[in-house]
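Below is one structure, written out as structure tokens; comments come after it.
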Amino acid sequence: MAAPTPVPDPATVRRISRRLWNLIEPIASSVYFVPEVQAAYADLGLDDYGTSYFASRGACMGQVPGQVVAAAFGVFNPSIVVPAVERAWSKTTAADLVAARLRGQTAALRRIFDEAGVTPSDEQLRRATTIFWDAATAVAGSHEGFAGRPLFAGLYALGLPGDGGLGDFWRAADVLREHRGDSHVAAWVAMRMSAVEVTLLTELWWGGRAGRYIRTRGWDDTAIAAGIASLQDRGFLTRDDEPQFTSAGEEVRAVLEEMTDQGETLVVASIAPHADELFAILEPLAAAVVAAGGYPRDPASLPRQ
């Protein structure tokens with residue numbers, strides 16, 4: 001019987017999980033920004049961003065109602081998610097969206113890497129995919145399994161496309177990207193935060209102004225004002241015209257990120273022996289995506305307290 005994989009200490013989990021997210025995020029999430037993917041959705045009759053975003057990201061869970069998509073994504077106002085998903089299912093299917101998403105993203109990554117002169121070798125793609133997928137499989141077969149992780153579970157259930165190249169590589173990266181996303185939602189829900197509250201805190205944590213980015217999540221002035229008032233009552237924001245973190249608010253947002261990190265413990269346990277090798281493959285690829293505008297901001301520039 002093989003010896004169990006040792007559980008890494010919290011500092012190792014924090015270091016590796018955050019570096020992994022910095023590198024995976026541009027590669028996996030460029031799917032929401034590149035023109036090839038939007039063109040693939042338009043071919044299915046989805047010609048507005050909201051409809052294609054909510055349905056395509058949620059399609060890994062099947063042709064589920066918008067309420068289920070809103071629950072999985074966490075931070076979006078259900079009032080924009082539910083009708084968007086209904087529109088999508090009136091025009092296409094989850095299976096067709098999954099296929100379009102993969103087709104467009106594979107083409108986009110190929111273009112970006114070729115233009116940047118960083119096209120990975122077949123061996124590099126296979127190796128990174130194996131490390132990603134082994135980590136996902138280790139989690140899936142563990143005592144944690146899929147509990148509380150709907151997007152990770154949906155993507156993992158799809159399996160690898162089987163092209164042996166960019167498609168497999170991107171799907172495996174996306175599986176781990178959504179695993180951390182699910183861990184993050186589970187953490188702030190456990191901390192009894194609302195979607196509005198956690199997004200307001202994240203805006204400040206990113207160095208922005210509370211009440212701006214959150215509007216892209218569908219929340220209006222009334223919801224934002226109520227969220228700010230709640231955070232002020234909880235002692236997390238100042239009562240200024242432009243609210244800022246209190247020391248307690250900054251601490252609670254840092255704790256949230258620590259809890260998210262700890263949700264990645266089993267992923268890190270699998271990846272840790274191969275981390276240097278994996279990161280060496282990913283670094284030029286992630287940088288190329290950011291440089292090409294495939295992802296709007298370098299995740300490494302965001303604060304990690």
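Full-extension gain between GLU283 and SER142, please, as 0.36 nm times their residue separation minus the C-alpha to C-alpha distance.
Computed gain between GLU283 and SER142 is 47.9 nm.
Please give, to one decimal in nm, the separation of the simple spin-label points placed at ASP96 and GLN63, each 7 Å out from Cα toward the Cβ.
Going from the ASP96 label point to the GLN63 one covers 1.0 nm.
Just to confirm a number: summing +1 for Lys and Arg and -1 for Asp and Glu over residues other than MET61 whose beta-carbon lies under 12 angstrom from that of MET61, what do you get?
Values: positive: ARG57, ARG149; negative: GLU178, ASP182.
After counting each charged neighbour, the total is 0.
If only Cα atoms are counted, what is the Rg of the range 70-148, and what is its Dmax, in Å?
17.7, 45
Simple spin-label model, 7 Å along Cα-to-Cβ: VAL255 to GLU123 in nm?
Spacing of the two 7 Å Cα→Cβ label points: 4.9 nm.
For the chain, what is the convex hull volume of its Cα atoms per residue in Å³?
Dividing the Cα hull volume of the chain by its residues yields 129 Å³.
Of TYR295, TYR41, how do they rank once you tally other Cβ atoms within 10 Å and put the fewest first?
Going from sparsest to densest Cβ surroundings: TYR295, TYR41.
Computed FRET efficiency, Cβ-Cβ of MET191 and ASP48, R0 41 Å: what is it to the nearest 0.05?
With R0 = 41 Å, the Cβ-Cβ based efficiency is 0.75.
Can you run phi through the Karplus equation (6.51, -1.76, 1.60; θ = phi - 60°) for the range 190-201 and list ³J(HN,Hα) in whole Hz, with x for Gly and Pro?
Values per residue, Gly and Pro as x: 5, 8, 6, 9, 8, 4, 5, 4, 5, 6, 4, 5 Hz.
Can you pull the three principal axis extents for the Cα set of the range 1-104, in Å, largest first?
Rounded to whole Å, the extents work out to 50, 31, 28 Å.
Using Cβ contacts closer than 10 Å as the measure, can you line up ASP276, ASP298 from fewest to most?
So the ranking, lowest neighbour count to highest, is ASP276, ASP298.
Could you list which residues have their amide H under 5 Å from that of LEU237, counting only those 5 or more apart in sequence or on another chain, with H placed in the peptide plane?
GLN232, THR246
Treat each spin label as a single point 7 Å out from the Cα along the C-beta direction, and report the ASP241 to ALA275 distance in nm.
Between ASP241 and ALA275, the label points sit 4.6 nm apart.
Based on the alpha-carbon gyration tensor of the range 122-236, what equivalent-ellipsoid semi-axes (square roots of 5 times the eigenvalues) come out, in whole Å, largest first?
36, 16, 11
What are the trypsin sites (Lys or Arg not before Pro) within the range 209-305 that DSSP puts in a loop, where the Cβ has at most 13 other Cβ atoms within 10 Å? Mind dumping the intermediate values first?
Details: sites: ARG209, ARG212, ARG215, ARG217, ARG234, ARG239, ARG253, ARG297, ARG304; in loops: ARG209, ARG212, ARG234, ARG239, ARG297, ARG304.
Those that pass, being in a loop and sparsely packed, are ARG209, ARG212, ARG239, ARG297.
Here, each number is a calculation from the coordinates, and none is a lab measurement. What you see is a predicted model, and the numbers here were worked out from it, not measured in a lab. Heads up, the Cβs are rebuilt from the backbone with ideal geometry, glycines too, and the neighbour counts pull from every protein chain shown.
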